[in-house]
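K.L.:
I have a structure here, written as structure tokens, and I will follow up with some questions on it.
The values are calculated or read from the model by the stated rules, or taken from the named source; none is laboratory data. Note that this is a predicted model, so its numbers are computed, not measured. Cβ placement follows ideal geometry from the backbone for every residue including glycine, while neighbour counts extend to all protein chains displayed.
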């Protein structure tokens, strides 16, 4: 936002601020004599602002809503390549949805292996979202195929990494989504069964 | 990308119609998020207006929210939405004086507690448009400080101005509004 062009009453406001910086009422009065010159209306407006400012009372002391609360900082999400989340090291951001992001990550223990890690966004770890993650995880756990992503983790949920698989999130119900992801993985995983494409 | 983020891009690109479409969308987003949040809170819990506005921003802008140049437009619209929600509540509260309390629990925004007297809130609301005509930024600062409960550093970040400037706008706006309301 441009700070300088947003108000018409520029002189009034500037004189008010400059007067605030003066150390004594005498100094302030002398400053106003010079700054307002022969404009009594301007001087009256600035003096009214000063009176209102210096007269301390309850007016607008408290916001209309309760202001005391832990501050939510506007800052970039902390996830970046190299970040450790529990026993997973983030390698590369693969995709993002409304509630979280999916990372290619490396599990550090008990075994080193590559996984797809679903990370829930700050503030999105509500009961509903966690429940959705859980039912998605359960649906996938029921299917067993080397090319079907499976996981046994609580959030952040880790999924077996399948190279060249795409991993998109959408808003369909969890089970349908899990099946669609599984089917896509299965298609990718079994594509070698198909005849090679015609040259 | 949500409709709101598309609109923010359009505003940044100079589309004048996009600004008009932003407020109802942000208003709906805040109501929707308030509803989601209240669904998981115990009865009697209240919502933090500031947290709500920030969280809606994090959801809308995703992990790119630091780069979004539309941030000040979003916070402007969100502050205006909060102002309308709170004015509805203050009006309702004022109309109930001496009467029976009416259960408003279905309206999730009513779970946002008013901390200032409702007659002061209504008076500030009515004088604010006149201030906006004189000094648009000062009025924006009032909306964020008074109707959303943000701190001066938060406002400076949201409006992309310096903290000192945000503080001065607030000092000026308070003195100005006091004069406008009390005839000083």
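K.L.:
Would you say residue B:109 is modelled with pLDDT under 90, crowded, with 23+ Cβ neighbours inside 10 Å and in a helix (DSSP H, G or I)?
P.N.:
Values: modelled with pLDDT under 90: yes; crowded, with 23+ Cβ neighbours inside 10 Å: no; in a helix (DSSP H, G or I): yes.
The answer is no for residue B:109.
K.L.:
What do you reckon, is residue A:56 over 30 Å from residue B:145 (Cα atoms) and either assigned to a helix (DSSP H, G or I) or modelled with pLDDT of 75 or more (or both)?
P.N.:
no
K.L.:
May I pose another question? Look through B:139, B:127, B:132 and report the one residue that is more than 10 Å from chain A (Cβ to nearest Cβ) and either under 13 Å from the mean Cα position of the chain (by Cα) or modelled with pLDDT of 90 or more (or both).
P.N.:
Only one candidate qualifies: B:127.
K.L.:
Which condition from (1) buried (at least 17 other Cβ atoms within 10 Å of the Cβ); (2) modelled with pLDDT of 90 or more is the one that residue A:36 breaks?
P.N.:
(2)
K.L.:
Next question. Output the qualifying pairs, or none if there are none: Cβ atoms under 8 angstrom, residues six or more apart or on different chains, first residue in the stretch B:162-175 and closer than 10 Å to residue B:137 by Cβ and at the interface with another protein chain (Cβ under 7 Å from one of its Cβ atoms), second residue modelled with pLDDT under 95 and assigned to a loop (DSSP other than H, G, I, E, B).
P.N.:
B:165/A:3
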